[in-house]
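Comments concern the structure below.
The values are calculated or read from the model by the stated rules, or taken from the named source; none is laboratory data. Here the structure is a predicted model, which is why all the values come from computation and not from measurement. Ideal geometry is used to build each Cβ from the backbone, glycine not excepted, and the neighbour counts take in all protein chains shown. Areas reflect the complete protein model, heavy atoms only, side chains present, ligands, DNA and RNA absent. Shrake-Rupley method; radii C 1.70, N 1.55, O 1.52, S 1.80 Å.
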Amino acid sequence: MFQKMTRLVPVVLSMVFLLSLVVMPAQAQDPILVGLSFSDFETPRWIQENAIMTAALEAKGYAVVSQQASHDPVTQNNQIANMVTQGAKAIIIVAQDADAAATAVEDAVAEGVVVIAYDRLIATPDISAYITFGLIEVGNGQASGVLTALGITDLDNTGEWSVDNPVQLVKLEGDPGDNNAKFFEAGQDEILQPYVDAGIVEIVARQNIANWDETNAVTAMENILTSQNNEVDAVVAANDNLGLGALQALAAQRLSVPVSGQDATIPGVNSIARGEMTVTILKDYRVMAPQAVELVDMFLNGETDPDLQEYNLSDLTGNDALTGTVLAKYLPVTQVTIDNLYEEIVVSGFQGYDDVYQDIPEADRPPRPEEATPEAAS
Ligand code: BGC
C-alpha cells in the first residue's frame, strides 16, 4: 500500500505540474502596466488629463503608474526609466523638454515599450505616435482674438491704429524647451506679420517664459512695462498662466488692454467672464485623453490608427538635423471670447458654472444651463 503510494507521488507531482501549466495563463492575465509621465502638475489641465487617462486605462484592464517631474527633465527621464524597470509596456509622455526626453524614450523603446508623445512632441522618430491639437491654429486664434478686440478686422479696417499710431504689442511665449512654444508663436506671427509689415503693429517685446510660469510672466511683464514707459496696447500671451500674469502686471499700472491665453482654465475663463482676459483657446482634452489611451491599446495589440499621418521629424521640430518620420494626429481647437464662453465652456460642461462665474454678481450671470431655455443660452 505504502509502496503503491510512493509510486504515485511522481505521478501526482507531474499532474500538479501540468495543472500549474494550465493555471499559468491566469498569471499572464496580470494587468499590463502603462505609465503616465507628466512634466508637472502646475498646469491645471495635466491633472485633469491624468485622471481621465488613468480611468480609461483601468476600464480597459490596465494597471497604471503615474508621475510628474516638477519641470525637471532629469527627473522625468529617471521616472521614465523606472517605469520601464517596473515592467511598463507603454508610456504616455508630456515632455518637459523635447530633446532631453528623447534619450529616456529611445532607451524605453529599445526595451520594446510603446511610447506616445502626448500634446508635446519628443524629438525622436522612435515614438509610436504623437497626438496633439492644431498648434498653428492655437496661435492664429490668440492673435486674431487680440486684433479683433483692438478693432482691427483687416488691413483696410484698422480702427484707431495706423502707421502714425501703431499698436505697441507684447508677446509672451512658452517655455523654450517645449516644442509647442515655437509653433504657437509661428501661428500668432502668421496673423500679425501683415500688420507688422504695414506698420500698423509694432512688436515691442517678445519673451519666452520659463516653465510657462505665471509668476515669471508677472516679472517679465513688469520689466517690459517699465522699459516701455507703460506704452503697451496689447499682449499676445501663449497660455492662460502667461496671460493672467500679464494682466496682474497691467492691473498694477492701472492698464487695461486686450490679452490672450490658452487652455480655458478656470482662472482663465473666469477672467474672461469678468471682462479682463480677451480670448483663450479651448483644447478639449476630454476628447484627446481617451484617444491617447486608444492608441496605447491599438499599438499593444499590434494595430495602428488609420487617422495617424506621417510627418518628417524635421518639420515637426523645425530642426533640420533630425531625420526620420513620426505618425501624428492633430485635433481641432476653438477660440473662446466673451461671445461664446457660455456655449463652449459652460453648456459643453468643460468648466463648471460656479467656477466660470465665481465672484460675478448673480444679476450679471446668465442662467445655469439646466435652467436655460434654448433661446436664453444662445
Ligand atoms: C500645452 C499648453 C499648456 C502649456 C503649459 C503646452 O505644451 O500645449 O496647453 O498650457 O504647455 O503647460
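Being open to solvent by 10 Å² or more (accessible area, probe 1.4 Å) and among the charged types (D, E, K, R) is the filter; apply it to region 157-176 and report the residue that is nearest to ALA90 (Cα to Cα).
It comes out as ASP175.
What number goes with the only condition from (1) assigned to a loop (DSSP other than H, G, I, E, B); (2) more than 17 Å from ASN179 (Cα to Cα) that ASP126 does not pass?
Status for ASP126: all satisfied but (2).
Looking at (1) within 16 Å of the ligand (Cβ to nearest atom); (2) at positive phi; (3) in contact with a strand residue (DSSP E or B) (Cβ under 9 Å, 6 or more places away or on another chain), can you tell me which one GLY151 breaks?
(1)
Filter region 177-220 down to the residues that are open to solvent by less than 10 Å² (accessible area, probe 1.4 Å) and over 19 Å from GLU137 (Cα atoms) and list them by number.
Answer for region 177-220, where residues must be open to solvent by less than 10 Å² (accessible area, probe 1.4 Å) and over 19 Å from GLU137 (Cα atoms): VAL201, ILE209, ALA217, ALA220.
Looking only at residues in region 142-156 that are free of Cβ contacts under 8 Å to residues at least 12 places away in the same chain and part of a loop (DSSP other than H, G, I, E, B), which one is most open to solvent (accessible area, probe 1.4 Å)?
Only one residue tops the list, namely ASP156.
List the helices (runs of 4 or more DSSP H) that sit entirely inside region 211-304 and contain at least 2 residues that are touching a residue at least 60 places away in the same chain (Cβ under 8 Å) and within 14 Å of the ligand (Cβ to nearest atom).
Values: elements: 214-227, 240-252, 266-273, 285-300.
By residue number, 240-252, 266-273, 285-300.
Okay, residues lined up against (1) under 30 Å from ALA186 (Cα atoms); (2) surrounded by 17 or more Cβ atoms within 10 Å (Cβ to Cβ):
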{"site": "ASP297", "(1), (2)": "no, yes"}
{"site": "THR304", "(1), (2)": "no, no"}
{"site": "GLN335", "(1), (2)": "yes, yes"}
{"site": "TYR357", "(1), (2)": "no, yes"}
{"site": "GLU362", "(1), (2)": "no, no"}
